[in-house]
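The values are calculated or read from the model by the stated rules, or taken from the named source; none is laboratory data. No experiment lies behind these values; they were computed from the predicted model shown. Backbone-built Cβ (ideal geometry, glycine too); neighbour counts: all protein chains shown.
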Amino acid sequence: MMNGCPRWSLLTVPLLAALGCSDPVPRPPQANMTLSITDATGIKCPASAKTYQVGNPKPPVPPEDGDRLIDGEKGASIKCSVTGSGPYNFSATIKALSSESDKVTLTATNGVINADKETGSATIAVNTPQLSGNSFVSDPGACVVTVVSQNVKPGSLWASVSCAKVNLASTGQTCAVAMTTNFIIENCEGS
């Protein structure tokens with residue numbers, strides 16, 4: 001140790017001197033997603049059978065995790081939090097362009113991953129141009145969340161999500177979020 005700093009090679013000493021020995025700079029949040037909108041049971045959705053892929057360039061398609069967008073990159077806006085140690089609480093907002101240049105937003109609130117670290121629930125809102133740019137929202141906690149390949153820890157989550165119904169309150173239009181929907185959030189609050 002030199003002056004309370006870890007011992008580094010001669011090449012890194014000038015860098016440490018310039019930056020000082022402090023906590024690492026937090027990395028910005030990053031995410032990707034595959035969002036599948038379908039008809040709700042017996043109800044036609046305005047964006048039925050539409051899948052949006054968001055990645056840099058690849059979205060997550062289990063078992064492959066794809067490529068993440070960084071908050072601010074290519075116009076993406078990513079805010080997220082994963083806290084706890086089982087159970088976990090999480091929230092996320094992923095706004096980005098899909099591979100077809102559609103502006104897509106997925107928002108998860110009141111998210112919980114149970115103590116089993118495999119299952120949970122959340123309130124989900126989705127917004128796409130095919131949904132007239134309006135947010136379709138599930139009932140509170142009505143969406144099923146499943147952790148993919150045990151990928152949950154403070155600040156990070158890979159999960160699939162499905163919602164039997166998401167509604168546009170002003171018109172009563174209804175859609176569903178299909179089980180093939182999944183997202184990865186990393187470098188979130190809580191890490």
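Tabulated values for the structure
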quantity	calculated
Selected residue (criterion: surrounded by the fewest Cβ atoms within 10 Å (Cβ to Cβ)) from residues of the range 123-150 that are in contact (Cβ under 8 Å) with a residue 60 or more places away in the chain, polar (S, T, N, Q) and within 25 Å of residue 81 (Cβ to Cβ)	149
Index of the failed condition, residue 76 passing every other in (1) out of contact with any strand residue (DSSP E or B) (no Cβ under 8 Å at 6 or more places or on another chain); (2) under 22 Å from residue 51 (Cα atoms); (3) not hydroxyl-bearing (Ser, Thr, Tyr)	(1)
Residues being in contact with a Lys or Arg (Cβ under 9 Å, 6 or more places away or on another chain) and of a type in the set (S, T, N, Q) - total across the range 147-172	1
Close pairs (8 angstrom Cβ cut-off, 6 or more residues apart or separate chains): at positive phi in the range 88-113, outside any strand (DSSP E or B) anywhere	110/140; 110/141
Spans of strands (runs of 3 or more DSSP E) in the range 102-191 with at least 3 residues over 18 Å from residue 89 (Cα atoms) and aliphatic (A, V, I, L, M)	174-186
Any hit, the range 81-103, residues being modelled with pLDDT of 95 or more, touching an Asp or Glu at 6+ places or on another chain (Cβ under 8 Å) and not hydrophobic (A, V, I, L, M, F, W, C)	yes
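Yes/no per residue for (1) surrounded by fewer than 17 Cβ atoms within 10 Å (Cβ to Cβ); (2) in contact with a Ser or Thr (Cβ under 9 Å, 6 or more places away or on another chain); (3) not in a strand (DSSP E or B):
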position	(1), (2), (3)
33	no, yes, no
66	no, yes, yes
74	yes, no, yes
78	no, yes, no
86	yes, no, yes
89	yes, yes, no
94	no, yes, no
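Results for (1) in contact with a Lys or Arg (Cβ under 9 Å, 6 or more places away or on another chain); (2) β-branched (Val, Ile, Thr); (3) farther than 20 Å from residue 132 by Cα, shown as yes or no for each residue.
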site: 36; (1), (2), (3): yes, no, no
site: 45; (1), (2), (3): no, no, no
site: 49; (1), (2), (3): no, no, no
site: 53; (1), (2), (3): no, no, no
site: 58; (1), (2), (3): no, no, yes
site: 62; (1), (2), (3): no, no, yes
site: 72; (1), (2), (3): no, no, yes
site: 83; (1), (2), (3): no, yes, yes
